[in-house]
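The values are calculated or read from the model by the stated rules, or taken from the named source; none is laboratory data. Fair warning: this is a prediction, and the values are worked out from it, not measured in the lab. Positions of Cβ are generated from backbone atoms using ideal geometry, with glycine treated the same way; all protein chains shown enter the neighbour counts. Surface areas here come from the heavy atoms of the whole protein model, side chains and all, with no ligands, DNA or RNA. Shrake-Rupley method; radii C 1.70, N 1.55, O 1.52, S 1.80 Å.
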Amino acid sequence: LQVFDDEGKDVTPHPLFHSDPNAVVPRQGKLLASSVHFGATGSGFLSSFFTDRTSVENASLGSFSRYKRSRLLTSDNFTDVQGRQEEKEEELTKEDLDRSVDIYLTETETIWMLDMPSVAVSVESEDAGRIQERNRIYADICKNRPGNDRFVEKMMQTINGAAKNKEVQCDQIIMEDKGTTVTSWDLYNSCNVLKIKPTSKAEGSGATAGRSSKPHTTKEHDQTMSGSSDRGSTSSSTTISESSLLARNHEEEEYHSEVILTSEKFQQDLFFMERILMENIFQPKLAAYRQFPVLIDPDVTSDTSGTVAAMKEAKEKEHGKEKKDKEEQKEAFIDPSILSDVNKILEEIVPPRLERLWSYTCDLTDGHGVSSMAWSKVNPDLLAVGYGAFDFKEQKKGLACCWSLKNPRWPERIFRCEHGVTALDFSVASPSLLAVGMYNGSVAIYNVRSCNDAALLDSSESSNKHTGPVWQLRWVEQDRSATGDSKTERLICISADGRITEWLVQKRLDCTDLMKIKRTESKKKKLPDEKERKSEALISQQAAGMCFDFHPKDTNFYLAGTEEGHIHKCSCSSREQFLKTYRGHKAPVYKVAWNPFSTDMFLSCSADWSIILWHQDSQTPLLTFSSTTAVVHDIMWSPKSAFIFAAAKESRVEIWDLSVSILDPVISYFASPREKFTSVLFATNTDCLLVGDSKGEVGVFELQNLAAPNSNKVQLTR
């Protein structure tokens, strides 16, 4: 057969190998031919396959099935087949073409193009034991490799990389020539300053004499001088002597400066200098705080002088106005009572306000919220401030700082606490003792006279310590004798674990329970058709205590505010039962305060945005003050008036004067958008108010144009 393409060219495929018809194949008796024999006969068989293509094409599956029982191909049979193929090449008849031909396919020799030996060996092979032993040795080597000096991380059988140059840019190095003029005496002393050790005064005097101009008669000294003169001719000797002198002078300066800085006299001088500078900076504001006349410094031209001039001008206008009123009174013969009423009306035109003087703040207290404040009982210029957070999620380490009016920029004492400070108070009997309550329930006592910030006493070893935050603590003086001559001081605390405790200050702090606050059911009026409900089971039988205040006259009685919103009147004689319960708040009570003048009245503030005025004989609120929808954190009565009290709300500070209005506060000072007011405290001897916020600042404000009522109004109110 021939195959032609579209252009008529013969493209019939030809066999790659033509067998030699004269080749003689030896007979073999094996079942299959060897690879050598097959290589000689296989090509011939392929050529016969192409020659007998027609007969192969006529073969069918049926013909193969008919010859299923064919004999095995041997060397003899294969020779016969080859002989017949040669005969067919010569002459092929129709019968030969129609006859079925048996074709046997055998495997040719394998040609290996890529040989990759396996890394896995059968466990049944002969080399399995040897390979397992080799693997065990390699595992032991890898196990002992870490920390062994015999093994080094190093690449093997590799060529070392070419060296590279690394350039670094730096400032230009400036070379300078420096020279100095020295005498032979300087050269001698500089070269021998490290060799000579002053062991006696005689040697020291001899070394000092070497600086004089008198000649030396000793031979050794002359030789040293001559040698030094020869070395002085070179620049290297000059550089060495200069460097040694500079090093010696530098060491002496450092030693003397350290001695001066650590001396007690220098520290005292710095302390006095700091006081003088603070007095000069805050002189006008401190004078306004103490209600003293402001001193005018003619040399001052800063903003302080402008403030002083403005205050002086205002006073002159006030005096001129009074003088003018007196002259008009004399001319018109006006009744003095009418004139006083007119003056009161004029005073009402100028509203009262809060004037900010300064703030107690520093980098150390920044970010710590002010939780409580307390004045020293003997020093009205010493203020203790506790820094902590009331929220559980915002807890951090606390601080207790003692600030003085003489330095508003930095506290006099700093006591660092492991937990947030929630309450503090100064002792009356021992004014140097400061009691501090913390968020984890511990109580500590510090000595403010000592520079050591460690606590004198701590409740960590007490078995009866609180398990909840100590929200308030106070030193209370109580009469122990029947005549009332002797008084003893006790430390009282109230905690969120529902206990009011009395702490015994001895070699260690220990406490006894003064009262366990039990939960009380709220009394609700039942409707006519309403059925009785089953009482709900309480998780805890004790209510969390939030605040307390002892009666100003009879310290045997005190008030306790709870998280339920109730206020209990308790007695130190009865530890199991409340005397009265005042129900008026719908949220936790944050502060209760007795009126220092009218001792039957007391105030309370709560998280329900309200302030309530109570009478101890009535369980119904007398007045409720609610000027804004904000939590009231703290309240305090004025120490100079029975009508005035201050309230710290989150958004503003309010000053209420009940003799003026019971509906609105007379003064409202708003907070900045990112801060919240947390506590208030009146100054004991001036008309000033201290306000603490959540940013760690304690602002000092002056109450201006706020007139205190006379004694007649106080008596009428009682």
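Odds and ends about this structure:
- Residue within region 175-195 that is closer than 21 Å to residue 244 by Cα, at pLDDT below 65 and part of a loop (DSSP other than H, G, I, E, B) present: yes
- If the condition is being under 18 Å from residue 452 (Cα atoms), open to solvent by 30 Å² or more (accessible area, probe 1.4 Å) and touching a strand residue (DSSP E or B) at 6+ places or on another chain (Cβ under 8 Å), then region 383-417 contributes 412, 413, 414, 416.
- Taken over region 441-473, the residue count meeting the criterion of being of a type in the set (S, T, N, Q), at pLDDT 90 or above and open to solvent by 30 Å² or more (accessible area, probe 1.4 Å) is 1.
- Candidates 372, 404, 376 - the one that is free of Cβ contacts under 8 Å to residues at least 24 places away in the same chain and not aliphatic (A, V, I, L, M): 404
- Which listed residue is surrounded by 10 or more Cβ atoms within 10 Å (Cβ to Cβ), under 19 Å from residue 471 (Cα atoms) and either of a type in the set (Val, Ile, Thr) or modelled with pLDDT of 90 or more (or both), from 560, 543: 560
So that you can scan it fast, the table gives a plain yes or no per residue for (1) modelled with pLDDT under 90; (2) touching a Phe, Trp or Tyr at 6+ places or on another chain (Cβ under 7 Å); (3) closer than 13 Å to residue 649 by Cα:
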{"residue": "670", "(1), (2), (3)": "no, no, yes"}
{"residue": "673", "(1), (2), (3)": "yes, no, no"}
{"residue": "678", "(1), (2), (3)": "no, no, yes"}
{"residue": "685", "(1), (2), (3)": "yes, no, no"}
{"residue": "698", "(1), (2), (3)": "no, yes, no"}
{"residue": "706", "(1), (2), (3)": "yes, no, no"}
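- Residue match in region 565-582 (condition: aromatic (Phe, Trp, Tyr) and open to solvent by 10 Å² or more (accessible area, probe 1.4 Å)): yes
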